[in-house]
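Each remark here refers to the structure printed beneath this line.
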Amino acid sequence: MAIISRKPRNSSLRFQTFVDTSDLTKKKPEKGLVRGLRKSGGRNAYGRITVRHRGGGAPRKYRVVDFKRVDRDIDGKIVAVEYDPNRNVRIALIVYVNGAKRYILMPEELKVGSVVRAGEKVEPKVGCCLPLSGIPTGFFVHNVEITPGSGGKFARSAGTSAQLAAKSDEYATLKMPSGEVRMVLLGCWATVGVLGNPDHKNISWGKAGRTRHRGFRPSVRGMAMNPIDHPHGGGEGRSKSGSHPRTPWGKGCKGTRTRTRTNPLILKRRKTGRK
């Protein structure tokens, strides 16, 4: 995969770049693995906005991805690679020997025709899913469970993976994509390999419309507001009134630690804030 830029035939194409889609082999999703999807606009169950600047966007349908790899000890063949509008990594359609069809996240080095398998005694090859206790130290994994049987939660975005750094009697030590080092029970399952589409992070969206199509609404800088609306507002010229960076509600940001409790399973925190 590669980053593609187009001829600037108009001003909207001048700075846009796209990810190459030549790896996709199927346009329409599998009918039995699609569900309806309603957007929340950043609102929680009480109707209150908990994530700002969300709304609109192109309509989508949800592809049911098998994060638990429920078909165990049976071979599955990759028959198609598809685009998923709900995530930045490609998804692979697998057809198992028993006729079952499932979507999984597409790792690098796999292609149409590759055979994958999930099980406790499976050989740790790319695309195969097994407990961390059966994966050698130093391997890169993705779609890692946080508790046994919960389904993959860690390392699920494009180009990411977690490295299995060490194993003890009960826990495995993982180096996460964020740089955090944490322990996970050896009974948690993970899939071997690094996820594909790593160039997604290098896309230049190029115009405001592409961002709106993704469901993101405009964000206004605090310095451009009045003092009544934001702690950074007001002043003559560019000024934050001499305060440290703050949220609209006066709490510290850009480096302020917000965790109130420490997790004993986290050995090294991820790097946050400014360097």
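Bear in mind these aren't lab numbers, they're just calculated from the coordinates by the rules spelled out. All of these numbers come straight from a predicted model, not from anything done at the bench. Positions of Cβ are backbone-derived with ideal geometry, glycine not excepted, and every protein chain shown enters the neighbour counts.
Once both labels are positioned 7 Å from their Cα atoms along Cα-to-Cβ, the gap between ILE203 and THR50 label points is 2.6 nm.
Length gained on full extension, TYR62 to ARG259, computed as 0.36 nm times the residue gap minus the Cα-Cα distance: 67.7 nm.
Would you order MET106, MET183 from fewest to most other beta-carbon atoms within 10 Å of each residue's own beta-carbon?
On the way: MET106 23, MET183 19.
Taking fewest neighbouring Cβ atoms as first place, the list is MET183, MET106.
So which of LYS175/LYS254; LYS121/LYS268; LYS201/LYS240; LYS26/LYS111; LYS201/LYS268 end up more than 20 Å apart, counting from Cα to Cα? In this structure, LYS175/LYS254; LYS121/LYS268; LYS201/LYS240; LYS201/LYS268 lie more than 20 Å apart at Cα. Indicate, rounded to the nearest 5 percent, the antiparallel portion of the DSSP beta bridges found entirely in region 3-201. Counting only bridges with both partners in region 3-201, antiparallel ones make up about 95 percent. From the alpha carbon centroid of region 158-186 to that of region 1-79 is 27 Å. Taking every alpha-carbon pair under 8 Å whose residues sit at least 6 apart, the chain reaches a relative contact order of 16 percent. First measure r as the distance between the Cβ atoms of LYS251 and THR137, then evaluate 1/(1 + (r/R0)^6) with R0 = 45 Å and state the FRET efficiency to the nearest 0.05. The calculated FRET efficiency here is 0.65.
For the pair THR17 and SER40 in one chain, pulling the backbone fully straight at 0.36 nm per residue adds 5.4 nm over the alpha carbon distance. What is the list of residues in region 152-167 whose amide nitrogen lies under 14 Å from a point 7 angstrom out from the Cα of LYS268, following Cα to Cβ? Correct set: 163-166. Inter-label distance, LEU185 to MET225: 4.3 nm, where each label sits 7 Å from its Cα along the C-beta direction.
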